[in-house]
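*Asks:* One structure coming up, written as structure tokens, with questions to follow.
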Amino acid sequence: MNWPMKEKQEHIGPHWTRMAPPSRRCLLLIGALGVFAFDRFTQGQKNSTLIFTKENTIRNCSCSADIRDCDYSLANLMCSCKTVLPFAIERTSYHGHLTIWFTDTTALGRLLNFTLVRDLKLSLCSSNTLPTEYLAICGLERLRINSEAKHPSPEQSLHIHSGGDSNSKEKPVSLHKGWQT
């Protein structure tokens, strides 16, 4: 007789049960796993920035793969690029990898002077030698230089000065065509 009565009680209204709230350790573990998973997902999604000048236009590209130096067609095909007007260039900072392809030093100066760049690759896309003009780049930690010059380049020097260390002497570093520092 208890059986039909129990069945009748279940049909009368919803039966709610309360669960115990999750412990703080459980919430901390779930949060840490979420942050770890998000970090691993975004690591695979990091793009590098490529900026190049071609026929008086400046192209700013986001590339998910490395593009062979000075291969403009491949960059336009494989990267997400947009044209930037020369007067619209503003000083900015690049926290990731930045590659600049250039043919003349005027554009290079407009693009780089007084910007914050940690990892920079400069590729000279002409048969000229590397420029002798000065550039002021802040926060530089890694610099790579590539030149397509067919004739030997004269020895050039690179002066890196840490703004925070006023007692240090600038030490020239010899660079030759194709060297990476």
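The values are calculated or read from the model by the stated rules, or taken from the named source; none is laboratory data. Bear in mind the structure is a predicted one, so any value in this text is a computation, not a measurement. Cβ sites come from the backbone with ideal geometry, for glycine too, and all protein chains shown count toward neighbours.
*Asks:* Scan the strands (runs of 3 or more DSSP E) fully inside segment 101-181 and keep the ones with 2 or more residues being at pLDDT 65 or above and touching a Lys or Arg at 6+ places or on another chain (Cβ under 7 Å).
*Replies:* The qualifying strands (runs of 3 or more DSSP E) are 115-124, 142-147.
*Asks:* Working carefully through the options R91, R25, find the one that is in contact with a strand residue (DSSP E or B) (Cβ under 6 Å, 6 or more places away or on another chain), at pLDDT below 70 and not small (G, A, S).
*Replies:* After applying the criteria, what remains is R91.
*Asks:* At pLDDT below 95, assigned to a loop (DSSP other than H, G, I, E, B) and farther than 18 Å from L122 by Cβ - does that describe any residue in segment 67-81?
*Replies:* Among the residues of segment 67-81, not one is at pLDDT below 95, assigned to a loop (DSSP other than H, G, I, E, B) and farther than 18 Å from L122 by Cβ, which makes the answer no.
*Asks:* Out of everything in segment 38-66 that is within 20 Å of L143 (Cα to Cα), surrounded by 15 or more Cβ atoms within 10 Å (Cβ to Cβ) and touching a Leu at 6+ places or on another chain (Cβ under 9 Å), what residue ends up being modelled with the lowest pLDDT?
*Replies:* Among those residues, the one meeting the criterion is T53.
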